[in-house]
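Every number here is computed from the coordinates shown, using simple stated rules; none is lab data. Bear in mind that the values here come from a model prediction, so they are computed numbers and not experimental data. Every residue, glycine as well, gets a Cβ built from its backbone with ideal geometry; the counts of neighbours run over all protein chains shown.
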Amino acid sequence: EAPFTAAQELADASARTEAFQGAITGWAMSDPAALVARAEKFPSGEIRSLALREGLQQWVALDPVAAAAWMDRLDPSRDLDAGAAAVATTAVIAQKKPDVAASWAESIVDPELRTNTLLDFIRLWAERDPAAARSYASTTPALRPETRAVALASFSAIP
């Protein structure tokens, strides 16, 4: 909390933003769950989005189940997109619980990130079960036609 308090007291907006960014990066590395809990109380804006993005990505890397449970109680939003993408592309989830990973990928609000996450998820799933991943890529309404073509083309390299 101390770095945030100090950052808020800086008069120069640029210095204040840099101080917040540094505090967020450090906190995400040391205690991402606490950062996410604190960031939820921040006012909407760039700092809140950055704190949630950094915190959720680190938290998912450490404990994807706990991070997913925290996000699951909220409606999808751009602030949660990075966390949803991280859950969807965690290899063990994508390969062993593809329905869970697909749900997280499909919940992403930002269209470009959703597309990229779906493609990454399909690639990860195909490493374990190419037939099922191909079937999903062929039939899911979550993929736009051009994205479906890219996903299906990726299977030509898989035996």
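Contact order for the chain, expressed relative to its length and based on alpha carbon pairs under 8 Å spaced 6+ residues apart, stands at 13 percent. Our note on the geometry: Cα centres of the range 31-49 and the range 75-109, 19 Å apart.
Over the range 50-90, calculate the relative contact order: mean separation of alpha carbon pairs under 8 Å at least 6 apart, over the residue count, as a percent. Spell out each step's value before the answer.
Numbers: 33 pairs, mean separation 21.3, N = 41.
Averaging sequence separation for qualifying contacts and normalising by length gives 52 percent for the range 50-90.
Extension gain for SER30 to SER14 (0.36 nm times residue separation, less C-alpha to C-alpha distance): 3.3 nm. Evaluating 6.51 cos²θ - 1.76 cosθ + 1.60 at θ = phi - 60° for every residue in the range 66-80, the Karplus couplings come out as 5, 5, 5, 4, 5, 5, 5, 7, 10, 6, x, 7, 4, 5, 9 Hz, glycine and proline recorded as x. The mean of 1/r over all pairs of different alpha-carbon atoms in the range 1-59, once inverted, gives a Kirkwood hydrodynamic radius of 11.1 Å. Couplings 3J(HN,Hα) of the range 46-60, computed from phi: 4, 5, 4, 4, 4, 4, 5, 4, 5, x, 5, 4, 5, 5, 4 Hz, in residue order, whole Hz [Karplus 6.51 cos²θ - 1.76 cosθ + 1.60, θ = phi - 60°; x for Gly and Pro]. Taking every alpha-carbon pair under 8 Å whose residues sit at least 6 apart, the range 74-159 reaches a relative contact order of 25 percent. Three principal axis extents of the chain based on alpha-carbon atoms, in descending order, are 58, 28, 27 Å.
Report the net charge of residues surrounding ARG38, where surrounding means a beta-carbon distance below 15 angstrom and charges are Lys +1, Arg +1, Asp -1, Glu -1. List each step's numbers first, then the result.
Numbers: positive: LYS41, ARG48, ARG53; negative: GLU1, ASP31, GLU40, GLU54, ASP79.
Every neighbour counted, the sum reads -2.
Taking all Cα-Cα distances within the range 93-159, those exceeding 14 Å account for 50%.
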